[in-house]
1. Considering (1) at pLDDT 95 or above; (2) more than 15 Å from residue 40 (Cβ to Cβ), say which one residue 204 fails and leave the rest.
2. Quick one: in region 171-189, which of the residues that are touching a residue at least 24 places away in the same chain (Cβ under 8 Å) and in a loop (DSSP other than H, G, I, E, B) is farthest from residue 35 (Cα to Cα)?
3. Answer yes if at least one residue in region 119-139 is in contact with a strand residue (DSSP E or B) (Cβ under 7 Å, 6 or more places away or on another chain), surrounded by 13 or more Cβ atoms within 10 Å (Cβ to Cβ), modelled with pLDDT of 95 or more and closer than 16 Å to residue 65 by Cβ, and no otherwise.
4. Scan region 1-58 residue by residue and report those that are in contact with a strand residue (DSSP E or B) (Cβ under 6 Å, 6 or more places away or on another chain) and either farther than 30 Å from residue 126 by Cα or loosely packed, with under 10 Cβ neighbours inside 10 Å (or both).
5. So if I check each of 131, 116, 212, 168, which one is part of a helix (DSSP H, G or I), more than 14 Å from the chain's Cα centre (by Cα) and free of Cβ contacts under 8 Å to residues at least 40 places away in the same chain?
């Protein structure tokens, strides 16, 4: 705690004075983040630090395993954060960010390690599909390191599928107002991989701008009953 308190003191004395106008504006005008990032609670994975975002630029939700439970009528913190970000704040991009050396994925690989953590074990059931994919669709006898990496990457894709079940996200996609992204942060190298939905794989994010960044699902307005949605011709 001493280090944390010292950090607060440094912020108040050295950082805040130079950014006071920014914080005053954020209070006066409210927050207007352009993206929601759902990341792991791992202390080594800080979305604002990785993206070098400033105050008010990102809406962030973090939990063990960067998990998005499928939508249900039972309220939850992740579901509420998604709904608020999309409906109230009008974010245009939603990112699910996994990472290397993820403890949650290690727990999936060794469930016996979670016997004393029943809540964690129950939470990780939302990642069981990723575990099944790696067990059945990948070669048998994977090296543990490769198994872990494959599991962490597949988990991002599984959570993207869960994300699409949320009504606010489904509507945003149908209206062409929302983009979905799957990222993977390599702690040891600092590299970020992005899931390309068209290619079905993760690719490195090099010196890409916003228009060339691979996306899991690009904005694409669509309705299943166009004959109803299209304006009727005047008689």
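1. Just one mismatch for residue 204, condition (1).
2. 188
3. Taking every residue of region 119-139 in turn, none turns out to be in contact with a strand residue (DSSP E or B) (Cβ under 7 Å, 6 or more places away or on another chain), surrounded by 13 or more Cβ atoms within 10 Å (Cβ to Cβ), modelled with pLDDT of 95 or more and closer than 16 Å to residue 65 by Cβ.
4. Once the filter is applied, which keeps residues that are in contact with a strand residue (DSSP E or B) (Cβ under 6 Å, 6 or more places away or on another chain) and either farther than 30 Å from residue 126 by Cα or loosely packed, with under 10 Cβ neighbours inside 10 Å (or both), region 1-58 yields nothing.
5. 131
The values are calculated or read from the model by the stated rules, or taken from the named source; none is laboratory data. Being a predicted model, the structure only gives us computed values, none of them experimental. Note: ideal-geometry Cβ built from the backbone for every residue, glycine included; neighbour counts use all protein chains shown.
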